[in-house]
Each structure stands twice: as structure tokens, then as C-alpha cells.
Amino acid sequence: MSEKTKENAPMTHKQILTVMFGLMTGLLLAALDQSIVSTALKTITVDLGGLNHYTWVVTAYLLTSTASTPLYGKISDLYGRRQVFQFAIVTFLIGSFAAGAAHNMTQLIAFRALQGLGAGGLMSLTFVIIGDVVSPRERGRYQGYFGAVWGLSTVAGPLLGGFFSDHSKVLGITGWRWIFYINLPLGIMALIITSAVLHIPKTRRDHKIDYFGAFLLVVAVSALLLGISVYAPESGWLTAKTLLWIGAGIVIFGLFIFNQAKAAEPILPLRLFKNHTFNITSLLGFLVGAAMFGAIVMLPLYFQLVKHNSATLSGLKLLPLMFGIISTSITSGKWISKHGKYKIFPVIGMVFMTIALLGLVTLSETMAFWKISIFEILLGAGLGLSMQNVVIALQNSLDVRDMGVGTSLNTFWRSIGGTLGVAIFGSIYASKLTGFMSSGIKALGAKNPGALVGATPQALAQLRNNPGVMAKFTPQLQSTVLHSYVQAFHIVFISAAPVTMVGFLVALFLKATPLKSGAEHAKAMQEAAGEALG
């Protein structure tokens, strides 16, 4: 069979499942690396030195993966999905191998940036490709499993990071290096599967890449992320440095939009903003990202600081969250495929997330884990009902020519929302913890001065993220500090709940458009591939 014939032949259910496995493997790689490295950062910096640059190990990955996401979508619309997806896999694998072999922090940061460049394609093109091979009506039964991948990565990332960083040697190699080397067999497997099975019709048409627009987009996103995720937590949101970077990002993004209006082949076709569903799902993606990443970061921190659990045990205690995501992703997806209706799920999902966040406001120093698990399940259920089904609604509304860029932009907005959520909620936590701890210790000192033994300025300064310094505190002082932690977490979850409340209101405006059937989808794909067949 010729290559052209293979590309235009419809896939069987068995082939779709095989492609799904390859895509899910690629997505798992990218999703894992968002959390697996954070757990091992302390060990890595001790081994390589450069403690003052440790945040850049995470930031470099975040910058390149986020900035490249919309570019991958557009390029895949022009050149085809398989080639671009495989380029992303190879780039990710090269970055992973090089990061595992790094000898100093400078090398590690550079290779993490390369790894992130590949991850941007893995995270965005996974959903684009499944949108190509399966009709919107049938997509739910398959796409629900991708929610399961996100749920798995939520728990597996901290667990694997903690395991490898806790072992000085694994099979004769420094433990933390396996955080990167473990990607190699999985990535190679995804590469082999997609090479053998992934044959998608593609449109060949004259085009001109908007290189200047791509440059403006990357610079704008990088400036915004640097301001939000690096300088705001370090210096404060209202400092000149933070405002300068965020302001520069906004201005450059404005120039990018102006450029797109004139570009012959825009990276971001402005016609997408005339699509009601695109606008609603973009906003929903942003809000879900902010609530999801903000909550997922805070829960392990609560277990470690208040419950004194290890990083590994804290990861295990996220299993109820994973169960909520997986169960609702799969069941709602199958229901959508059977009945063809999707709007109700993002609406219910936002309600569940709001209830969960408000429930987490009742956290205490002594709350039983089974009670926390109920809120975790609700939060996971909300994410499972919202995240993947929003993508189904979006893809159902897009023309085939915009499938790549439209879908990848949803991933982009979710990443931006997640970055902003982590930064804002982290800043709220830090500022409120300082205030509660200061007032609590002052009140304790006025009541019982002898209880403040060990409360040196140096020890108090380390308390935000290191509860181990409390070992030399008096029981009364330990109780005051723990209560301050809990109070700070309460404010974080109270602040997060309005985000999902707004999400609920936005979801109500989602149009309940009938999902395209297999025949309609196949016809649209054939029409889009007309030039290739001609």
C-alpha cells in the first residue's frame, strides 16, 4: 500500500487504540516532568551546586513548553501531525538524556529548556491528533483516558521524584539522574508506535511561516512567565522588576496580535475569536488550570508541613484525587459518546471543584485523612468532568484547518492559568503565613514568654517550607506554628473557590452544539485533504 493510500485510509478500532497508547505515553512523559523534578530539586542542587539558580530548573522547562505550545499546533496544521509530533518526541528524548548527564546547573537548566521544547508538542499535539482520527461523537470514549493520564501523573510524579532522589545510586547511576533517564524507553516506544500506525491525511498548500510573529509570541510569553513565576514570588507583585517584566510581556503580546492581523499565514488566526465556543473554552481552560495547579501544589505542602509526611507519602495521599479524575474522565467520556451531549459536565465539574475547595477550608492539624479524601475525590471529579470535555466541545466547533492551532491554544491557556494560579496562591500562602505566624507568636509570648525558646529569627525564616526546624521548639510554640500553617492554607482555598465559581458561570454560556458523527467527521477530513489527493 502506498504512503498516500495509508494516510487516507480510515483507522480501525484496534489501530485507534494502538495510536492512543502511543499518544498517552507521550503525554505522560510531558505531564510527569511538570512535577517529578520539583521533588528532587534539593538533592539535585546539593549534587551539582548552584542552589541560587535552582528555580530555573523548573522555570526553563515551563518557559519553553508553554511558549512553544501554540507554535506546534500551527506548524502541524501546515506540515502534518505525525512529523511534528515525532519531532517533539525526539527533542524531548535528547533533552532528557542530556539533562540526566548534566555536570553542572548551567547545563541542566539549558537541557531542561530543550526538554520543555519537546514537551510543548507532546502536551498539545496529543489532543490534536485524537481530534483528527476520531469524530467528536466518538471522541469521548477515547479522550476520557487522557484525563486518566493527568491523574496518574499527579501522583506518580512526586512518588517517582521522591523515590529516585532518596536513593544515592540506582543500578550504579546517581538516583536523581533516573528522573530523566526513565523517559528514554517510554519515548522510544511512543516513537515506534506512531511511526507504525499514525497515518493522518494532511493538506498540502502554499504557505509562508510568520517567523516574526513566532518570535514576538515567544518573547511575550517568556516575559510574562518570568514576571509571574520568578520575579513576583522573589521580589513581590508590585516591585519595579516584576511590573516591568509583566508590562513588557503584555505590550509585546499586543504587538503580536497587531502583527497577526496583517500576517499572510498567522500563528494565531484572529478568525478564531469569532468562534463563541473557542472563546468560552479558552477561558474555561485558563480557570481550570489556575484552580487545578494551585490546589495540587498546596495539598502535598499541607501533608508535609502540617502532617509531617515525607514527599513520597504526600504523593501517595493524592491517590483519592487521581481516582476522582480517572473515574469521571472515563465515565463522562463514554456517556458523551452514547448520548452526544457534553455541556452538563463542565458545569457540574465546576460545582464539584467549588464544593471541594470550600470543604478544604475546614482543614485542621488533626483532621483525619478519610475526610480529606472526600474533598480530594470531589476536586478530582470536577477536573475529570471539565478538562477533557471542554476540549471535545472546542474541537467540535473548529474547522479542520484550525484543529491544530485551536486545540493547542486551549492547552496554552490552561498552562498560563496554571502558572498564574501557582504564583498567586503561593504568594497568598507566603504572605498570610508570615502574618499569622507573627501575630500567633506575639500572642504566645505575651501569655507565656518561656514558650518562645528556640524561636530565633533564622529558625522562623525557614519555617515557610521547612518544618524540621520546629524540632527544638517548645510544644506550645510548635502548636502555634502548625496552626499558622493551617490558617494560611485556609486563605488559599478561600481565594481559589471564586475562580471555580466564575468557571461555573462561564460554563453556563457554553453552547450545546450537536457533536459531529463519524460520517460528518470523515467527510470534513477528506475535504481538507483534497489538495493532497489531487
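Where a number appears in this text, it was derived from the coordinates with a stated rule and is not lab data. Keep in mind it's a predicted model, so treat the numbers as computed, not measured. Neighbour counts are summed over all protein chains in view; Cβ atoms, including those assigned to glycine, are modelled from backbone coordinates with ideal geometry.
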*So how do 239-249, 282-292 stack up, highest first, on mean other-Cβ count within 10 Å?*
282-292, 239-249
*Long-range amide H partners of Val170 with built H, under 5 Å*: Gly175
*asked:* For a Förster distance of 56 Å, can you work out the FRET efficiency between the beta-carbons of Ile192 and Ala471, rounded to the nearest 0.05?
replied: 0.65
*Calculate for the chain the 222 nm mean residue ellipticity that helices alone would give, adding -39,500 (n - 2.57) per DSSP H run of length 4 or more and normalising by residue count, nearest 500 deg cm²/dmol.*
-26000 deg cm²/dmol
*Could you tell me which helices of the chain pass both thresholds, a Cα extent of 20 Å or more along their own axis and a mean Kyte-Doolittle hydropathy of at least 1.6, with helices taken as whole DSSP H runs?*
183-197, 211-225, 344-359
*asked:* Give me the dipole magnitude in Debye, nearest 20, for segment 344-459 about the Cα centre, with unit charges on the beta carbon: positive for Lys and Arg, negative for Asp and Glu.
replied: 400
*How big is the charge dipole of the chain about its Cα centre, in debye rounded to the nearest 20, if each Lys and Arg gets +1 on its Cβ and each Asp and Glu gets -1 on its Cβ?*
560
*Sticking with the crude label model, points 7 Å out along Cα→Cβ, report the distance from Phe369 to Gln83 in nm, one decimal please.*
5.1
*Positive-end residue, the chain charge dipole about Cα centroid, Cβ charges, pick of Gln478, Val453, Leu48*: Gln478
*Size of charge dipole - segment 141-260 - debye, nearest 20, with Cβ of Lys, Arg +1 and Asp, Glu -1, no other charges*: 360
_Furthest towards positive pole of dipole, Phe97, Leu301, Phe85, structure part the chain, Cβ charges_ = Leu301
*Order of 102-113, 265-276 by packing, highest average Cβ count within 10 Å first?*
102-113, 265-276
_Added length on full extension, which subtracts the Cα-Cα distance from 0.36 nm per residue, Ala261 to Ile173_ = 26.5 nm
*Relative contact order (percent, whole number), the chain, Cα cutoff 8 Å, 6+ residue spacing*: 22
